[in-house]
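Colleague: Supplied in structure tokens, the structure appears directly below.
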Amino acid sequence: MAAPREAPDRRPFGRRFLTDPARLFQHNAWDNVEWSEEQEASARSKVQENSSQLLPQDKQEDYEVNAKRYWDDFYKIHENGFFKDRHWLFTEFPELAPNRNPSQNGDSAHKFSNKEESNDEGLGSCENGHCSRETRAENQLNVIKSTPKICTEELPAQKYSELNQSDGDYPGSSASYRILEVGCGAGNTVFPILQTNNDPGLFVYCCDFSTTAVDLVQNNAEYDSSRCFAFVHDLCNDQSPFPMPDESLDVVILIFVLSAILPEKMQCIINRLSRLLKPGGMILLRDYGRYDLAQLRFKKGQCLSDNFYVRGDGTRVYFFTQDELNDLFTTAGLEKIQNLVDRRLQVNRGKQMTMYRVWIQCKYRKPTAPQL
């Protein structure tokens, strides 16, 4: 259960800042912050300005072709020291917890704990679409980085493509509850799940576009091959095999991952992932929302297309609306359980800096019966 906290202050932003500055810097964040029309208009104007100059097509193609190299370079530099483990997962997504309770799924689950956020003391600055510190999934913003590795080579270290899936001969085939995290990065989602969920029937798959990231997971002391299978996978390649058969997964996790993919490839990817779900299985997503701080801080010349940007390190990020995500999931035949926006005010008390974050959280389920 989320830690108790005082009711959110609904006063307009400007008034709150001008009349009560001391209160502002006593807290790390406010949840469910409402934006004024002026603030929304200002954000829209900043996006129009930073997207007025698109990168030349040849450079855009370079970022697509060399996407894997940019993510490998990122993990070689940061290894597993860049991200914090996402223990907030079990508050937001009880489907991942040991005692799974389907009744907890739905729009009423919008309870964001300050506890996770307080771990992110100071909330580092955001530059080039990344944040130096993570506030739960959100400031995991960079996590996004850890997440997106999705587009190029496959790791044949374990030749799962040769396994006879029709005979049940695949990793985790004897498990009763199977989870796949796409874009696992250094394992900051996978390991909290393995540490917290002691269900003997649990098996966790995790994949990433970056070979370096998967190596970090496999070499982690917490990696247990009897409960987990990490592999390199290129989601953008529909000929790239998964180690498990269709309709074998209970949950697919996408945390700051989809946003790192070329927008025109997103639908195909969601279609592929939906085929892996059992009837009743769910996709859980948390990602960047339109007008998030990271989007507003991009400069001219970093925009690839509408709401899609490249960071200084060559990794890319898209900023979604609820409708866009709903269209992607429903087109893939999934039904909405949750689709909400978390607008949050975060404060760096040390630097006396305020940051307005926007994330979208979704849960979409595969129907238990064929849709007519």
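Colleague: Percent of Cα-Cα pairs more than 22 Å apart in region 248-341, please.
Modeller: Counting every Cα pair in region 248-341, those more than 22 Å apart make up 30 percent.
Colleague: Name the residue from F231, N219, L293 whose Cα lies farthest towards the positive end of the charge dipole of region 197-335, charges +1 on Cβ of Lys and Arg and -1 on Cβ of Asp and Glu.
Modeller: The listed residue farthest towards the positive side: L293.
Colleague: Continuing with the same structure: Looking at this model, which pairs from K46/K366; K265/K300; K46/K363 are more than 32 angstrom apart at the alpha-carbon?
Modeller: Beyond 32 Å between Cα atoms: K46/K366.
Colleague: Using a 1.4 Å probe on the protein heavy atoms only, what accessible surface does K366 show? Give it in Å² to the nearest 10.
Modeller: Only protein atoms counted, so the area is about 40 Å².
The values are calculated or read from the model by the stated rules, or taken from the named source; none is laboratory data. Being a predicted model, the structure only gives us computed values, none of them experimental. Note that we place each Cβ from the backbone using ideal geometry, even for glycine, and neighbour counts take in every protein chain shown. Accessible surface areas use protein heavy atoms only, side chains included; no ligands, DNA or RNA. Shrake-Rupley method; radii C 1.70, N 1.55, O 1.52, S 1.80 Å.
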